[in-house]
Amino acid sequence: MIKYKLLSLTALAVIFTACGGGGGGDNQGGNHGDKKGQQPTINSSQTYDLSQANRDDLAYMGNEERLAYDVYMALYDYHKSRGTTIRQFENIATNSETKHIETVRALVNKYNISSDDLTILDRAPVASSSTPQSSLPSGKYDISSIQNLYNDLITKGRRSVQDALEVGCMVEVTDINDLNPKIDNAMSSGAKDLEDAFRFLRDGSYNHYWAFDKGLKNIGVEAGCCSLGDSWCHEEYPKK
């Protein structure tokens, strides 16, 4: 049995070498884009002196957002082929995660970060900053622990619609836990562009958490994301 604990996705480090069961039916999800915050504009003329931690944080979060996209689309396609459309997955992946990936890649390119500048890779890079977003390899990562996590999430998410929605809760909580210290790192370095980008990602994750929580409640799981236990239960998250 796969055991999940609250990981900070250090289990999810870098694809960006510089971006790098329910029955049939329709799980109504609505449009869960990032309505709270506007996608930040990356000003190429204003640069900051990034620390090594800042550079690794960009690579780490680029990877983490891509993992979310990959997992959501894979589970959307899997359950749709079996008669259940989980709209949260498609809406969040196509309306939000793509923007999150774009935001991080823009910063990676702004600071010309390459795999040689990173300290968190333990496998050969699978993409570069010049790789078109549509060509990034789905489910393939430069960190072995990330690859293992992706595989575990897909395994759980295929078991049932409830398991799939629970995976969404887990990804978003982990995302938020990872972003909090990275926002602090950006503030310590005075890197306002990184801070703004990471806050934008976090706002999106708050929205996504509540979308998956609602999805679980819609199929009869009264406690929503809280059904997974205290680590995944966050009534304090802001709601749009």
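The values are calculated or read from the model by the stated rules, or taken from the named source; none is laboratory data. Every value quoted in this text rests on a predicted model; they were computed, and no experiment measured them. A quick note on method: Cβ atoms are made from the backbone with ideal geometry, for glycine too, and the neighbour counts reach across all protein chains shown.
Select from region 80-128 the residues that are small (Gly, Ala, Ser), surrounded by fewer than 20 Cβ atoms within 10 Å (Cβ to Cβ) and assigned to a loop (DSSP other than H, G, I, E, B) and write down the one among them that is nearest to the chain's Cα centre (by Cα). Going through the qualifying residues, I end up with Ser128.
Scanning region 49-75 for residues that are over 21 Å from Ile113 (Cβ atoms) and surrounded by fewer than 24 Cβ atoms within 10 Å (Cβ to Cβ) gives Asp70, Met73, Ala74.
Comparison of Ala223, Ala124, Ala164, Ala191 shows that the only residue that is touching a strand residue (DSSP E or B) at 6+ places or on another chain (Cβ under 9 Å), more than 16 Å from Glu65 (Cβ to Cβ) and small (Gly, Ala, Ser) is Ala164. Scan region 111-134 and give yes if some residue there is within 20 Å of Asp196 (Cβ to Cβ) and among the β-branched types (Val, Ile, Thr), otherwise no. For region 111-134, residues within 20 Å of Asp196 (Cβ to Cβ) and among the β-branched types (Val, Ile, Thr): present. Taking helices (runs of 4 or more DSSP H) as the structural unit, those lying wholly within region 144-240 and holding at least 3 residues that are acidic (Asp, Glu) correspond to 161-189, 192-218.
May I ask you to list pairs of residues, at least six apart or on different chains, whose Cβ atoms are under 9 Å apart, with the first in region 138-157 being more than 16 Å from Ala124 (Cα to Cα) and of a type in the set (D, E, K, R) and the second being at pLDDT below 80 and in a loop (DSSP other than H, G, I, E, B)? Short answer, once both residue conditions are applied: Asp152/Ile2; Asp152/Tyr4; Lys156/Ile2; Lys156/Tyr4.
Restricting region 174-200 to residues that are of a type in the set (Ser, Thr, Tyr) and farther than 13 Å from Arg55 by Cα leaves a set whose member that is surrounded by the most Cβ atoms within 10 Å (Cβ to Cβ) is Thr174. The set of residues in region 72-97 being in contact with a helix residue (DSSP H, G or I) (Cβ under 7 Å, 6 or more places away or on another chain) and either closer than 20 Å to Phe200 by Cβ or among the small types (Gly, Ala, Ser) (or both) consists of Tyr72, Ala74, Gln88, Ile92, Ala93, Ser96, Glu97.
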